[in-house]
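Scroll down for the structure; my scribbles are underneath it.
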Amino acid sequence: MKDMALLSTPSLFPRETAPAARPGGFVACAGRHRYRPLRTGALGRRRTGFTLVEVALALGIIAMAFVPVLGLLPVGLDVSRKAIDATIASQIVQKLTNEAQQTDFSTLSTLSGITSYFDDQGIQLPDTTNVADAIYAAGFSVSTATSLPANVTTQRLATVTISILNTKASRSDKKTDPNESRDSHKYVLLIPDNGR
């Protein structure tokens, strides 16, 4: 009986009160120095993750950031196409320049009016190839009388103009002759009469 009395008598120590909540969702237990997470939600599970509102807001911010980037895509493609055209045109001009420099000065004027056709890699197509398959057209224009400074004209220096036209690109005019089209790129070359 005496043992039962001890169990029923109030303890000398007061009962522990409910732990106080700390910032960040942690509670401190009396007499202990560590923290344990505050349990909330159904069945005592911790609630983690993002709400639907947070996910929708994040997707909205990402979508608004991508709209200007997608707007730059056509500009980037256009710049890339122009860079490819300039590279191929320089290869074609180099080939035609070598051809003009190796031509005898007395027969240089025969190059005028000749149009050569090239593929997308700058390789010259044979004359038997269908012109519709060509990507680039190149033509010569030769002037045997060249004007120099101080209004001096000489017959011993020829002005050769090489015109390159991308036949598949959008153009302001529909002319297919590279010497006549406003959209062709023109390169001027001076070739002297070296006595050959």
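Points to keep in mind about this one:
- Set of aspartates and glutamates with alpha-carbon distance to K168 below 17 Å, sequence-local pairs under 8 removed: D78, D85, D119, D120, D133, D177, E180, D183
- Whole-number Å³ per residue for the convex hull built on Cα positions in the stretch 51-139: 131
- Mean Cα-pair separation over length for the stretch 81-192, i.e. relative contact order, pairs under 8 Å, 6 or more apart, %: 22
- Residue-by-residue Karplus 3J(HN,Hα) for the stretch 148-156, coefficients 6.51, -1.76, 1.60, Hz, glycine and proline x: 10, x, 6, 6, 9, 10, 10, 9, 9
Only the coordinates and a few stated rules stand behind these numbers; no lab work does. What you are looking at is a predicted structure, and each value in this text was computed from that prediction instead of being measured.
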